[in-house]
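I have placed the structure first, in the form of structure tokens, so that the comments after it can refer back to it.
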Amino acid sequence: CNAMPRACPSPRESEATITTSLDAPKSILKGSKLQLSSAVMNIIDNAIVYSQREAEIRIRTRNVGSGISIEIEDNGPGIAPHERELVFRKAYRGRTGKTLPEGFGLGLYLAKTLVEKHGGGISLASDGLNGSRFVIQLPVL
């Protein structure tokens, strides 16, 4: 586990509860399964890393227009308004209190890049106090 720390669950990751509501009947996507799952996992990983208590993550899918919406919502500390665009920049790392969590600041940058590569978009909603909601929009076949 020491050689590949992200491949091994940390004690913090075992403190996450994930619930799903998969309500999109049209959910076949054209693209790389590895890249799209990596985009979603990067958002989930950030929710766990930045959570200041047991992470509660909700994942919901639904069809919107001719596409699919994948919503990932958490109960973390939220993202301040001035950071909402910054979090998608390469190597940007938000603070939790006075410290920076481990990482390189690439997760959300990669998520956005991969989603856009597949013809989609990603948005963020957060009041800066009570969790965040990331919405990935992708076209379906």
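The values are calculated or read from the model by the stated rules, or taken from the named source; none is laboratory data. In this text the structure is predicted, and so the values were computed from the model without any measurement. Every residue, glycine among them, receives a Cβ derived from its backbone with ideal geometry; neighbour counts consider all protein chains shown. Heavy atoms of the whole protein, side chains included, go into the accessibility calculation; ligands, DNA and RNA do not. Shrake-Rupley method; radii C 1.70, N 1.55, O 1.52, S 1.80 Å.
Please go through the stretch 26-53 and give me each residue that is in a loop (DSSP other than H, G, I, E, B) and either closer than 20 Å to S66 by Cβ or in contact with a Pro (Cβ under 7 Å, 6 or more places away or on another chain) (or both), ordered by number. Walk me through how you get there before you give the answer.
Step one: filter the stretch 26-53 for residues in a loop (DSSP other than H, G, I, E, B), giving 26-32, 51-53.
Result: K26, S27, I28, L29, K30, G31, Q52.
Given the residues G94, G119, which is the only one that is of a type outside the set (F, W, Y), over 17 Å from V40 (Cα atoms) and part of a loop (DSSP other than H, G, I, E, B)? Please lay out each step first, then the result.
On the way: G119 fails: over 17 Å from V40 (Cα atoms).
The match here is G94.
Within the stretch 108-119, how many residues are under 17 Å from E85 (Cα atoms), open to solvent by 20 Å² or more (accessible area, probe 1.4 Å) and touching a residue at least 24 places away in the same chain (Cβ under 8 Å)?
Total satisfying the criteria: 3.
Here's a check for you: in the stretch 54-89, which residue that is assigned to a strand (DSSP E or B) and hydroxyl-bearing (S, T, Y) is nearest to T19 (Cα to Cα)? Talk me through it step by step, then tell me what you get.
The first filter runs over the stretch 54-89 and keeps only residues assigned to a strand (DSSP E or B), leaving 56-64, 67-74.
Restricting the remaining residues to those that are hydroxyl-bearing (S, T, Y) gives 61, 69.
Values: T61: 12, S69: 16 Å.
Restricting to residues being assigned to a strand (DSSP E or B) and hydroxyl-bearing (S, T, Y), the top hit is T61.
Scan the stretch 55-77 for residues that are without any contact (Cβ under 8 Å) to a residue 60 or more places away in the chain and either open to solvent by less than 20 Å² (accessible area, probe 1.4 Å) or not aliphatic (A, V, I, L, M) (or both) and report the count.
Applying the first criterion (without any contact (Cβ under 8 Å) to a residue 60 or more places away in the chain) to the stretch 55-77 yields 55-62, 65, 74-77.
If we keep only those that are either open to solvent by less than 20 Å² (accessible area, probe 1.4 Å) or not aliphatic (A, V, I, L, M) (or both) as well, we get 55-58, 60-62, 65, 74-77.
Going through the stretch 55-77 one residue at a time, the tally reaches 12.
Give the residue, chosen from G131, G94, that is modelled with pLDDT under 90 and open to solvent by less than 30 Å² (accessible area, probe 1.4 Å).
Values: G131 fails: modelled with pLDDT under 90.
Testing whether each residue is modelled with pLDDT under 90 and open to solvent by less than 30 Å² (accessible area, probe 1.4 Å) leaves just G94.
Among the residues of the stretch 1-25 satisfying the criterion of being in a loop (DSSP other than H, G, I, E, B) and closer than 23 Å to G94 by Cα, which is modelled with the lowest pLDDT? So that I can check it myself, show each step before the final result.
Taking the stretch 1-25 and keeping what is in a loop (DSSP other than H, G, I, E, B), we get 1-4, 8-12, 16, 23-25.
Keeping just the survivors that are closer than 23 Å to G94 by Cα gives 9-12, 16.
Details: P9: 46, S10: 48, P11: 43, R12: 47, A16: 91.
Filtering first and then ranking leaves P11.
Determine which member of the set A47, A80, A39 is open to solvent by less than 20 Å² (accessible area, probe 1.4 Å) and modelled with pLDDT under 95.
Numbers: A80 fails: open to solvent by less than 20 Å² (accessible area, probe 1.4 Å); A39 fails: modelled with pLDDT under 95.
Exactly one residue qualifies, and that residue is A47.
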